[in-house]
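First up is the structure itself, then whatever we jot down about it.
The values are calculated or read from the model by the stated rules, or taken from the named source; none is laboratory data. None of these values were measured; they are calculated from a predicted model. Please note: Cβ atoms are built from the backbone with ideal geometry, for glycine as well, and neighbour counts cover all protein chains shown. Note: areas computed on protein heavy atoms with side chains; ligands, DNA, RNA excluded. Shrake-Rupley method; radii C 1.70, N 1.55, O 1.52, S 1.80 Å.
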Amino acid sequence: MNNELLEALNILEKEKNISKDILLEAIETSLVTACKNHFGKSENVKVDMNPETCEYHVFQGKTVVETVEDPVMEISLSNAKMINSRYELGDMVNIEIKSKEFGRIATQNAKNVILQKIREEERKILCDEYYSKEKDIVTGIVQRYMGRNVSINLGKVDAVLTENEQVRGEVFQPTERIKLYILEVKSTSKGPKILVSRTHPELVRRLFESEVTEVKSGIVEIKSIAREAGSRTKIAVHSNDPNVDAVGACVGMNGARVNAIVNELRGEKIDIITWNDNPAMLIENALSPAKVISVIADAEEKSAKVVVPDYQLSLAIGKEGQNARLAARLTGFKIDIKSETQAREAGDFLDYENDYEDADELEPEEYMMEESADDYDSHDAEADSDYDAYEAEADGDYDNKNDAEAYSEYDNENDAEADSEYDNENNAEADSDYDRNDAQADDAYDTGKEGADAE
């Protein structure tokens with residue numbers, strides 16, 4: 001019996017991952033419960049169990065008295081002397097109870113206690129396992145639709161993908177494998193209740209961690225994510241190693257890494273930009289692929305004014321404002337986008353340009369401060385010098401171009417005159433030869449005619 005019990009405990013420990021000590025404790029509790037059901041009381045019941053051999057003994061402690069009033073708790077002196085002659089009044093006698101003496105109901109209750117303890121431990125182990133996976137991704141198998149919700153099998157437990165956490169337009173087939181983000185794990189009487197999501201922005205982060213080793217190791221850090229599930233996602237990345245290109249590491253060779261994530265998200269577009277501590281530069285990057293003329297960012301009010309070329313305005317705003325909306329979420333700034341024409345009509349386009357140049361020259365934390373007078377004069381002198389050099393170069397190009405055109409016209413004119421003289425000379429010589437030949441032909445004709453007449 002003990003060997004069978006030991007073998008059964010070892011199997012349960014291996015299959016259910018339940019500790020043998022917990023199972024032995026459950027057996028001990030079940031024996032105490034059986035004694036209570038059999039005798040009506042269990043305060044004086046003691047279970048002695050060997051964890052190595054699973055050999056156990058159940059004892060009932062009784063007090064030695066002259067007259068027994070409670071047979072469960074007391075024993076007479078004569079009966080105690082029969083067990084051991086050294087017992088006296090007031091001593092405690094431990095009497096062994098055989099489990100075979102228990103009735104059917106007591107045995108059934110003991111069995112239920114053991115099974116309940118096993119189920120509780122299973123639920124606890126599952127909860128602990130998935131609590132550790134909370135805010136992480138798992139792979140699940142689609143089972144069935146429950147109304148508008150989807151039941152997902154995660155292996156040992158089922159999860160629920162609610163309608164709000166599904167990407168609009170996604171349709172799942174039974175037995176299909178999908179990646180899910182665990183939102184929350186709740187412990188219930190029927191086991192852990194797991195809520196999962198396909199729309200959470202952190203799903204994209206976890207997918208990059210699983211696909212890009214640099215992100216998982218911390219060399220490349222994902223600073224911010226803005227997502228509209230099923231349509232487009234923007235992420236800002238930063239490299240902690242100057243020898244590693246953050247964007248290139250996320251894209252992979254020939255786009256292999258990012259394409260694997262796009263396929264998992266069923267064609268959702270992903271824009272990867274470089275993080276910058278300067279808010280103006282970050283906003284410019286966030287509005288890509290649109291080109292930006294100038295950005296003025298107010299770090300205190302978290303607002304920014306952006307000027308883009310006229311032909312880039314629709315691209316900067318995006319379809320239904322998506323590009324601007326995602327850029328605002330990514331940077332945390334309220335972004336006001338104007339075209340170059342709109343900014344000029346507002347009369348502050350030059351201010352945009354000057355402030356933008358100033359922001360570029362200053363450190364990120366001081367980009368809104370004014371430059372000193374000396375720095376401004378130096379910058380102005382450099383600009384004038386560059387402009388003069390550019391103007392001189394342009395004049396040189398213009399003169400060279402005009403000279404080339406003049407030389408070309410002169411050559412063409414001379415060539416035309418030479419061709420004309422050559423043609424006239426050749427034509428004159430040809431006419432002279434023709435007249436000479438014609439005169440000789442006429443003389444020969446006249447001579448022949450006169451000869452014929454004489455004959």
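If you check Ile118 against the conditions, is it open to solvent by less than 80 Å² (accessible area, probe 1.4 Å) and assigned to a strand (DSSP E or B)? No, not satisfied. What are the residues in region 169-189 that are of a type outside the set (Ser, Thr, Tyr) and under 16 Å from Tyr131 (Cα atoms), if any? Answer for region 169-189, where residues must be of a type outside the set (Ser, Thr, Tyr) and under 16 Å from Tyr131 (Cα atoms): Leu180, Ile182, Leu183, Glu184, Val185, Lys186. Residues in region 29-50 that are surrounded by 15 or more Cβ atoms within 10 Å (Cβ to Cβ), small (Gly, Ala, Ser) and modelled with pLDDT under 75: Ser42 only.
Listed by first and then second residue, the pairs with beta-carbon distance under 6 Å, at least 6 apart or on different chains, first residue in region 98-119 and modelled with pLDDT under 75, second open to solvent by 70 Å² or more (accessible area, probe 1.4 Å), are Phe102/His38; Ala106/Asn37; Ala106/His38.
On the given criteria, is Ile178 crowded, with 21+ Cβ neighbours inside 10 Å and either modelled with pLDDT of 90 or more or on the phi < 0 side of the Ramachandran plot (or both)? The answer is no for Ile178. A Cβ distance below 8 Å, combined with a sequence gap of six or more or placement on separate chains, defines the contacts here; from region 128-144, residues that are surrounded by 13 or more Cβ atoms within 10 Å (Cβ to Cβ) reach residues that are among the basic types (Lys, Arg) and at pLDDT below 90 in the pairs Glu129/Lys156. Inside region 291-304, residues that are in a strand (DSSP E or B), surrounded by fewer than 21 Cβ atoms within 10 Å (Cβ to Cβ) and in contact with a helix residue (DSSP H, G or I) (Cβ under 9 Å, 6 or more places away or on another chain) make up a count of 1.
Scanning region 168-218 for residues that are within 20 Å of the chain's Cα centre (by Cα) and of a type in the set (Asp, Glu) returns Glu170, Glu184, Glu202, Glu209, Glu211, Glu214. Taking (1) surrounded by fewer than 18 Cβ atoms within 10 Å (Cβ to Cβ); (2) charged (D, E, K, R); (3) in contact (Cβ under 8 Å) with a residue 24 or more places away in the chain in turn, Asp245 satisfies each apart from (3). Residues that are surrounded by fewer than 20 Cβ atoms within 10 Å (Cβ to Cβ) and touching a helix residue (DSSP H, G or I) at 6+ places or on another chain (Cβ under 7 Å) were ranked within region 184-206; the one that is farthest from Ile125 (Cα to Cα) is Thr199. Candidates in region 145-175 are the residues that are open to solvent by less than 90 Å² (accessible area, probe 1.4 Å) and polar (S, T, N, Q); of these, the one that is farthest from Lys190 (Cα to Cα) is Gln166.
When region 131-164 is examined, which residues are found to be more than 19 Å from Leu265 (Cβ to Cβ), part of a loop (DSSP other than H, G, I, E, B) and of a type in the set (S, T, N, Q)? The one that is more than 19 Å from Leu265 (Cβ to Cβ), part of a loop (DSSP other than H, G, I, E, B) and of a type in the set (S, T, N, Q): Ser132. Scan region 305-319 for residues that are open to solvent by 50 Å² or more (accessible area, probe 1.4 Å) and not small (Gly, Ala, Ser) and the total you get is 6.
Restrict the check to region 66-87 and report whether at least one residue is of a type in the set (Val, Ile, Thr) and over 22 Å from Val47 (Cβ atoms). Yes.
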